[in-house]
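The values are calculated or read from the model by the stated rules, or taken from the named source; none is laboratory data. Fair warning: this is a prediction, and the values are worked out from it, not measured in the lab. Here the Cβ is made from the backbone with ideal geometry for all residues, glycine too, and neighbour counts use every protein chain on show. Just the protein is used for accessible areas: all its heavy atoms, side chains included, with ligands, DNA and RNA removed. Shrake-Rupley method; radii C 1.70, N 1.55, O 1.52, S 1.80 Å.
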Amino acid sequence: MENRKSTSSSIKKMISSVSSIFIYIIIVAVDLVLGYLTYQLIVLDYIPLAIVFCLIILLITVSFLIPKLRHLKWMSIGLSAWLLFSIFPILFTIYNGFTNYGDGHLISKALAIQQINKQKYLPESGKSYEWIAYRSETNDYLLWLKDTDGQTSIARTTESGADDLIFEVVPGENGIGELDDDGAPKTIEGYTRLNKITASTDENLTNILFGEADQTIQVRSPSEAAELVPLYEFDPETDVFTDVRNGKEYFDIEGTWTSVDGKELIPGYSDVIGFRNFVDFATSPGLRGPLVTIVSWNFMFATFSLFLTFSMGLLISVIYNDPGFKGKKILQSLLLIPYTIPSLITILIWRGMLNPNLGIVNRVLEAVIGISPDWFNNRYLAQIAILIVNMWLGYPYWMLVTSGALQSIPQDIYEAAEVDGATGWQRFWRITLPLLLVSVGPLMISSFIFNFNNFNLIYAFINGGPPIPTAMTQAGYTDIIISYVYNLAFASGRGIQYGYASAISVVLFILIAIMALIQFRFTNMWEEVGENA
């Protein structure tokens, strides 16, 4: 019996050991894969993402290998996803707010130097040629050249390693076949002659250097190849580019090599620029002008949207809360239809209905009372139209919420109020509304924050218009902050400005965080009201 127990214990220990070894092998394999991805990210200069991958490797390793932290192993995958998809975007957005990341500054400094060093020009002593390209099956190229004096030759690529990088065009030598009327070989053994269309669409051809290393020849147009030389010289010690044509120097200023007279080299690189994006947002006259109007409207839009949607939803709920109301289930179902249709479709339908010339709303108004409001070009009418559409979109939500909340109010309170002689309005104002706010108060703050950033409605319905005439940037009377930021960062013609957009997103985040704090403050207050009621 004891031998059996000993044997069983030995088997369990052996299975446990094999299982541990198997887990160690899997952990090492996962770490190696993630380590390789991290290395590639570092090579590509994606340092913030590489740091996140390092944290994920550390998390997975310690949660499986350190006994005291093994309770984390069941959460390691979820925590890794949380780091990668939640924390990293937030931190990366904050980081970008302090950089010039955007058009012209999308790459690292090393890549920017490499790109600028590739820029070349044709000096006065250089020669230009007519050319025809030949390509082998292994993508090795030859370039037939004809200079302005009519002399012809063939150049191999500089990296080919051949002794004769440029040789004469002699039929029967080097695989050259019969020549055409211009003196170009019709065939070269092992190569295919490229026609002009094929050659001009070959992405590799313009990047290849032909001929001697100190006198390279490069294709620069479908009709011309030339002895091009580098346009700029870079000094790594001083971090300065020098234009070899005129000696003008370009100094590194916040990710852009800039000369004394303000000329900039393209591309620049992504660099930390401190608080410049935030300062631009707060002080630039072009931004500050419409910003006051937009921020004011943003708060008005969120406030009126909340008030109108809540009021309409509550009104319908109170009406249908009467037990004697006939057919209320069918009517409530019909009133929920706006909630079941995708909001984008509803917005576009309303845009068509309010069209000043063809919309059904204006045609009816003109036929009945003789007016045709210009919903899209008048500032106040446009804002009213947006509030109407948003009320249509939002009232079903509040109808559902308040319908449930009304059922939770004890009926004996109303009966006591009736005995005391309270009117219907007094029962609503002093009983229904305060008790309702206790349960739906947090949802009202959430709705306010949602409408504060309701980009879809503003953009799809009217794209922020009508425009503000005095604004130096693309801004409209119905723009809210998030739509204004979108226009500034991506649609204003200044190019894509990720860094600037990130900075404004950080400002928005701070505003929303303040609103969230207010939400908690008011929520506690309403709870206290409820307890004292």
Checklist entry - Which distance in Å, rounded to a whole number, links the C-alpha centroids of region 442-459 and region 128-149? => result 63
Checklist outcome for this item: Mean separation of Cα contacts under 8 Å (at least 6 apart) over the residue count of region 163-317, i.e. the relative contact order in percent, is 8
Item to check | Solvent-free Debye scattering, log10 I(q)/I(0), computed from the Cα coordinates of the chain at q = 0.09, 0.12 Å⁻¹ | outcome: -0.99, -1.20
Checklist outcome for this item: The relative contact order of the chain, taking Cα pairs under 8 Å that sit 6 or more residues apart, comes to a percentage of 14
Checklist entry - Summing Lys, Arg as +1 and Asp, Glu as -1, what charge do residues with Cβ under 13 Å from the Cβ of Q332 carry, Q332 excluded? => result +2
Next on the checklist: For a quick check: with amide H placed at 1.01 Å from N, whose amide H comes under 5 Å from T192's, ignoring anything fewer than 5 positions away on the same chain?
Outcome noted: R135, S136
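Mind putting a number on the dipole of the chain about its Cα centre? Charges go on the C-beta only, +1 for Lys and Arg and -1 for Asp and Glu, and I need it in Debye to the nearest 20.
Dipole magnitude for the chain comes out near 3480 debye.
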Next on the checklist: Taking amide H atoms as placed 1.01 Å from N in the peptide plane, list the residues 5 or more away in sequence, or in a different chain, whose amide H sits under 5 Å from that of V240.
Outcome noted: D235
Next on the checklist: Return the equivalent ellipsoid semi-axes of region 79-123 as a descending list in whole Å, where each equals the square root of 5 times an eigenvalue of the C-alpha gyration tensor.
Outcome noted: 35, 12, 6
Item to check | Using distinct alpha-carbon pairs, which all enter the 1/r mean, Kirkwood radius of region 72-182 in Å | outcome: 20.0
Item to check | Rounded to whole Hz, the Karplus (6.51, -1.76, 1.60) HN-Hα couplings of region 478-483, x for glycine and proline | outcome: 9, 5, 9, 4, 5, 6
Next on the checklist: Can you classify region 145-199 as rounded, prolate or oblate using the Cα gyration tensor, where a ≥ b ≥ c are the square roots of its eigenvalues, rounded means a/c under 1.5, and otherwise it's prolate if a/b beats b/c and oblate if not?
Outcome noted: rounded
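At 4 °C and 1.567 mPa s, grab the translational diffusion coefficient of region 288-373 from Stokes-Einstein with a Kirkwood Rh over Cα pairs, rounded to a whole number in µm² per second.
After rounding, the answer is 79 µm²/s.
Express the accessible area of region 339-487 per residue in Å², computed with a 1.4 Å probe while the remaining protein chains stay in the model.
Per residue, region 339-487 has 52 Å² of solvent-accessible surface.
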Next on the checklist: I'd like the distance separating the alpha-carbon centroids of region 387-438 and region 211-284, in whole Å.
Outcome noted: 68
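Counting only protein heavy atoms, what percent of the accessible surface of the chain is carbon or sulfur at a 1.4 Å probe?
Heavy-atom surface of the chain belonging to carbon and sulfur, 1.4 Å probe: 62 percent.
Assign one of three labels to region 126-228, namely rounded, prolate or oblate, based on the Cα gyration tensor with a ≥ b ≥ c the square roots of its eigenvalues; rounded applies when a/c is under 1.5, prolate when it is not and a/b is larger than b/c, and oblate otherwise.
It comes out rounded by the Cα gyration axes.
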Item to check | Accessible surface of K127 - all protein chains present, 1.4 Å probe, nearest 10 Å² | outcome: 80
Checklist outcome for this item: So for region 433-519, using the alpha carbon gyration tensor with a ≥ b ≥ c as root eigenvalues (a/c under 1.5 gives rounded; past that, a/b versus b/c decides prolate or oblate), I'd call it prolate
Checklist entry - Accessible area per residue, 1.4 Å probe, Å², for region 35-112: what's the number? => result 62
Checklist outcome for this item: From DSSP H assignment alone, runs of 4+ in the chain each adding -39500 (n - 2.57), the sum over residues rounded to the nearest 500 puts [θ] at 222 nm at -17000 deg cm²/dmol
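State, as an integer percentage, the relative contact order of region 383-501 based on alpha-carbon contacts under 8 Å between residues 6 or more apart.
Averaging sequence separation for qualifying contacts and normalising by length gives 18 percent for region 383-501.
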Item to check | Candidate lysines for bridging to K146, where Cα separation is under 26 Å - those fewer than 8 sequence places away on the same chain excluded | outcome: K118, K120, K127, K186, K196
Next on the checklist: Placing +1 on the Cβ of each Lys and Arg and -1 on the Cβ of each Asp and Glu in region 1-149, which of S9, L145, S76 has its Cα farthest towards the positive end of the resulting dipole?
Outcome noted: S9
